[in-house]
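S.K.: Starting off with a structure, shown below.
The values are calculated or read from the model by the stated rules, or taken from the named source; none is laboratory data. All of these numbers come straight from a predicted model, not from anything done at the bench. Note: ideal-geometry Cβ built from the backbone for every residue, glycine included; neighbour counts use all protein chains shown.
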Amino acid sequence: MTTMPVRLDAAPLTVSTRRAVRRYSRAVEGRAVVAGDLVAAGVTIAVSRDLAVLLAVAVAAVYWRSQGLYGRRFSLSMLDDLGALAIGGVWAVMAQVLTGQELGQAVWPVAMFLALAAVARVVSYRLVLRWRAAGRVRHPAVVIGAGLNAVSLSRRIVEHPHSGLDPIGFMDDVTPEGTLPLPLLGKPDQLARIVGEYDVSDVIIAFGRMPSAELVTVLRTCHLLDVQIHVVPRLFEMSQLTPGTDSIWGLPLVPLRQPITHTWSRRAKRLIDVVLSGLLLVVLAPVMAVVAALVRWDLGKGVIFRQVRVGLDGRPFTVRKFRSMKNLPEGVVSPWSVDDDQRFGRVGLFLRRFSLDEVPQLFNVFLGDMSMVGPRPERPEFADQFAVEFPRYGDRHRVKVGLTGLAAVEGLRGDTSIEDRAYFDNLYIENWSLWLDVKILVRTFVAVLKGTGG
């Protein structure tokens, strides 16, 4: 494969300069659109002389954020945003009506705000696109793959700088023949090092010679890195440009959702964990006292059972549970599954059936070792074993372990498939949202009431 070198319109940046430009670029792009909407809101409030318009603005902004209108995109067009802007306006009008305003009084301020916001976005987008083209706004990017598609993509980025990307090189398993327009930085399994070394903000998957299964592992190792990942569809010539895709000069790119570790919702999740676990510890205090008394009566001393488990990023922590079975003789190791263990007493079986033995783990949640929802924690020796036997098992440690989880509510507890558990745990991580946590908590509550949680 022979390719002609591409001339970069803007001079290459040093690593330190690239890092500063990246911070500046994020601030400029994000604030430009927000500032436009704030100006539109301020003018609307001044003209209408009604502070109640703030509610409509807030509702519309929340909807627009959910649709990605405040996120960074390669292709910026107010016409592409019109549908989402209009739907946000409908939600804003509904919010006004629900607070007691008449429909006619609610419509015209929202219509004014939408018109001004649309104009502000036209101005904001033109400014951002101009800054990108001038090289003032640049985001360092690497391309995974060094084949024809990857080279074509790099040419589009360089020749059409309105995306704001600053391509610094390719990564592939095999050194291609001929001349590449950008440096070959290394193999994909070195991605974490390259991201840190060059302060990369975007990774574009153009499918090199690395098998997809191995590439998934490489990308998941970057879960702690602040990067946005985009994928060029395999059959991109036949792909449709939908609201969920972005594009660079007509080439579609599918952005992958950022994991929990990089979103503002992570902080909201932690806040909910603290509030909910603290509230439950207070409410369930009488229940815990009764359970402790029953365990003491049934099994003797040692009401609380402590055991080392594996948590976030493979770090060990001590989990707390109510004892539900007799202790093993000294030197005897407990098996992985205790479903058929004969050491359960009547109280222990009851506790297991209604998951009451898990209640002390609320202390782990409150202290930050665990979350209310996440992959269930495992003992270190078994976690190491499963990580060897099942390649995707270790990926579940990207987030905090949980009191309950998607795999648990799908019935994958006790002596069930580890491969299926790992699949559902990673499915939870990739598709995480606060609403998903709510659904899992509701399903857990129903299972506990039915006595099917053990």
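S.K.: Consider D437 against the criteria (1) crowded, with 23+ Cβ neighbours inside 10 Å; (2) touching an Asp or Glu at 6+ places or on another chain (Cβ under 9 Å); (3) within 24 Å of Q228 (Cα to Cα): it satisfies all of them except one. Which criterion is unmet?
M.R.: (2)
S.K.: Return the only residue of V195, V174 being among the hydrophobic types (A, V, I, L, M, F, W, C) and in contact with a Lys or Arg (Cβ under 6 Å, 6 or more places away or on another chain).
M.R.: Values: V195 fails: in contact with a Lys or Arg (Cβ under 6 Å, 6 or more places away or on another chain).
After ruling out the rest, the residue left standing is V174.
S.K.: Say whether the condition of being farther than 15 Å from L362 by Cβ, modelled with pLDDT of 75 or more, part of a helix (DSSP H, G or I) and not hydrophobic (A, V, I, L, M, F, W, C) is met by at least one residue in segment 322-341.
M.R.: no
S.K.: Now for a different question. Would you say A133 is over 17 Å from W64 (Cβ atoms) and in contact with a strand residue (DSSP E or B) (Cβ under 9 Å, 6 or more places away or on another chain)?
M.R.: On the way: over 17 Å from W64 (Cβ atoms): yes; in contact with a strand residue (DSSP E or B) (Cβ under 9 Å, 6 or more places away or on another chain): no.
So A133 fails the test.
Matching residues to (1) part of a helix (DSSP H, G or I); (2) surrounded by fewer than 18 Cβ atoms within 10 Å (Cβ to Cβ); (3) assigned by TED's automatic domain parsing to the domain that holds G278:
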| position | (1), (2), (3) |
| --- | --- |
| G348 | yes, no, yes |
| L362 | yes, no, yes |
| V365 | yes, no, yes |
| P391 | no, yes, yes |
| A422 | yes, no, yes |
| V442 | yes, yes, yes |
| F445 | yes, yes, yes |
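S.K.: May I ask you to verify whether L103 is of a type in the set (A, V, I, L, M) and loosely packed, with under 14 Cβ neighbours inside 10 Å? Reasoning before the result, please.
M.R.: Details: of a type in the set (A, V, I, L, M): yes; loosely packed, with under 14 Cβ neighbours inside 10 Å: yes.
Here the answer is yes, as L103 does meet what is asked.
S.K.: Right, here's the next one. Restricting attention to segment 84-142, which residues are among the small types (G, A, S) and farther than 25 Å from L55 by Cα? It would help to see each step written out before you state the result.
M.R.: The first filter runs over segment 84-142 and keeps only residues among the small types (G, A, S), leaving 84, 86, 88-89, 92, 95, 100, 104, 106, 111, 115, 117-118, 120, 124, 133-135, 141.
Once the filter is applied, which keeps residues that are among the small types (G, A, S) and farther than 25 Å from L55 by Cα, segment 84-142 yields A133, A134, G135, A141.
S.K.: Evaluate the following for R126: is it surrounded by 23 or more Cβ atoms within 10 Å (Cβ to Cβ), free of Cβ contacts under 8 Å to residues at least 60 places away in the same chain and charged (D, E, K, R)? Give the steps one after another, and end with the answer.
M.R.: On the way: surrounded by 23 or more Cβ atoms within 10 Å (Cβ to Cβ): no; free of Cβ contacts under 8 Å to residues at least 60 places away in the same chain: yes; charged (D, E, K, R): yes.
Spelling it out, it is not the case that R126 is surrounded by 23 or more Cβ atoms within 10 Å (Cβ to Cβ), free of Cβ contacts under 8 Å to residues at least 60 places away in the same chain and charged (D, E, K, R).
S.K.: Taking the stated definitions as given, is I440 among the hydrophobic types (A, V, I, L, M, F, W, C) and over 22 Å from K269 (Cβ atoms)? Spell out the reasoning first.
M.R.: On the way: among the hydrophobic types (A, V, I, L, M, F, W, C): yes; over 22 Å from K269 (Cβ atoms): no.
No; evaluated as a whole, the condition is false for this residue.
S.K.: Looking at (1) farther than 16 Å from S247 by Cα; (2) in a helix (DSSP H, G or I), find the lone condition where P140 falls short.
M.R.: Every condition holds for P140 apart from (2).
S.K.: Specify which of the listed residues (L427, L412) is surrounded by 17 or more Cβ atoms within 10 Å (Cβ to Cβ), free of Cβ contacts under 8 Å to residues at least 60 places away in the same chain and closer than 26 Å to R270 by Cβ. Don't jump to the end; show me each part of the working.
M.R.: Working: L427 fails: surrounded by 17 or more Cβ atoms within 10 Å (Cβ to Cβ).
Only one candidate passes the filter, namely L412.
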